[in-house]
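Here's the structure, in structure tokens; my notes come after.
The values are calculated or read from the model by the stated rules, or taken from the named source; none is laboratory data. Treat the numbers as computed from the prediction; the structure is a model and nothing was measured. Please note: Cβ atoms are built from the backbone with ideal geometry, for glycine as well, and neighbour counts cover all protein chains shown.
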Amino acid sequence: MTGWLLDDLAASRRRRRAAAAVPVIRGRRRMAGGPRSRPDDGQGTVRPGPRRADPHPGALTPGDATTLAQFTDATTASGSIATDTLAAPTGVAATGGASIALSWTSTVDAYASGYQLLRSATDGGGHAVAPTITPATTAATTDAPGTGTWYYLMRSVYQSWLSVPTAQGSATVSASVTSALAACTTTAADTSGAGDNDGYQNSSARACGTGSCGTGATPAATKDRHRFRGFAHGVPGTATTIEGIAVRVDLGTNNNGGNTNICAQLSWNGGTTWTTISPWP
């Protein structure tokens with residue numbers, strides 16, 4: 001910091017008093033340092049002149065000198081500013097079906113608060129913000145935008161700061177198609193570990209009783225089992241994913257007492273592997 005200061009008024013008064021005390025010859029005031037006047041009496045006697053009163057004590061006059069002082073602040077401060085680039089997530093992948101499953105690798109910046117998910121129905125442009133995903137450790141989400149092909153970008157978020165967008169990913173939501181129920185064309189008794197091992201042909205009463213049908217994919221050994229196959233199902237050409245299979249059983253009993261159990265399992269490889277038992281009711 002640098003400043004300039006005027007000398008104080010007391011110093012100005014002292015200069016004026018000193019000027020008034022300068023000796024004079026023949027009633028004239030002689031300025032200090034000026035030419036010497038001839039002595040008044042011829043013998044070198046110098047008479048002091050009268051002192052004049054200051055008409056304006058403390059006031060600056062045009063003849064007053066001005067003293068300036070310069071002050072410099074020697075205190076200095078130093079610091080530094082760090083910069084960073086908010087990193088976007090990487091490896092964005094989208095998988096279609098009834099909805100779209102998205103996954104990615106989280107941003108490397110731990111201070112990020114989450115992500116913007118941007119969606120468009122147009123390849124390469126027109127993306128609008130879909131949900132904001134938090135926290136930043138999240139690495140997957142599901143989006144259900146409706147039927148069609150959708151294009152996605154993602155950005156990391158920290159307060160009002162956004163990263164650059166990721167590379168684009170895309171997936172398709174297919175229209176749901178439900179086929180009609182189809183009757184089986186072939187049946188056979190399950191002949192191993194299934195009640196009397198002859199299916200329902202001879203001991204249909206085994207379809208009735210108490211207890212569960214089994215545990216997991218393993219049927220109970222006390223229950224008869226019968227296999228039904230050859231269902232005339234066809235997967236529509238527009239379908240890309242099988243979302244589920246419904247089984248209907250038209251069942252009649254000759255006993256209205258006790259409990260009736262009927263359970264179903266499905267196999268997709270000719271009976272080598274079965275799903276978990278699904279009981280009814």
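Odds and ends about this structure:
- Complete set of residues in the range 213-247 that are under 18 Å from T191 (Cβ atoms) and of a type in the set (D, E): D224
- Residues that are at pLDDT 75 or above, over 30 Å from T147 (Cβ atoms) and either part of a loop (DSSP other than H, G, I, E, B) or touching a Lys or Arg at 6+ places or on another chain (Cβ under 9 Å) (or both) are absent from the range 232-247 altogether.
- Pair list, Cβ under 9 Å, 6 or more apart: the range 141-165 residue closer than 11 Å to A121 by Cβ, other residue of a type in the set (A, V, I, L, M) and in a loop (DSSP other than H, G, I, E, B): P145/A121; T147/A175; G148/A121; T149/A121; W150/A121; Y151/A121
- Among the residues of the range 105-136, the one identified as outside any strand (DSSP E or B), among the β-branched types (V, I, T) and more than 23 Å from T83 (Cα to Cα) is T134.
- Whichever residue in the range 84-104 is within 16 Å of the chain's Cα centre (by Cα) and in a strand (DSSP E or B) and, among such residues, is surrounded by the most Cβ atoms within 10 Å (Cβ to Cβ): W104
- When each of T191, T172 is tested for being surrounded by 11 or more Cβ atoms within 10 Å (Cβ to Cβ), polar (S, T, N, Q) and not in a loop (DSSP other than H, G, I, E, B), the lone residue that passes is T172.
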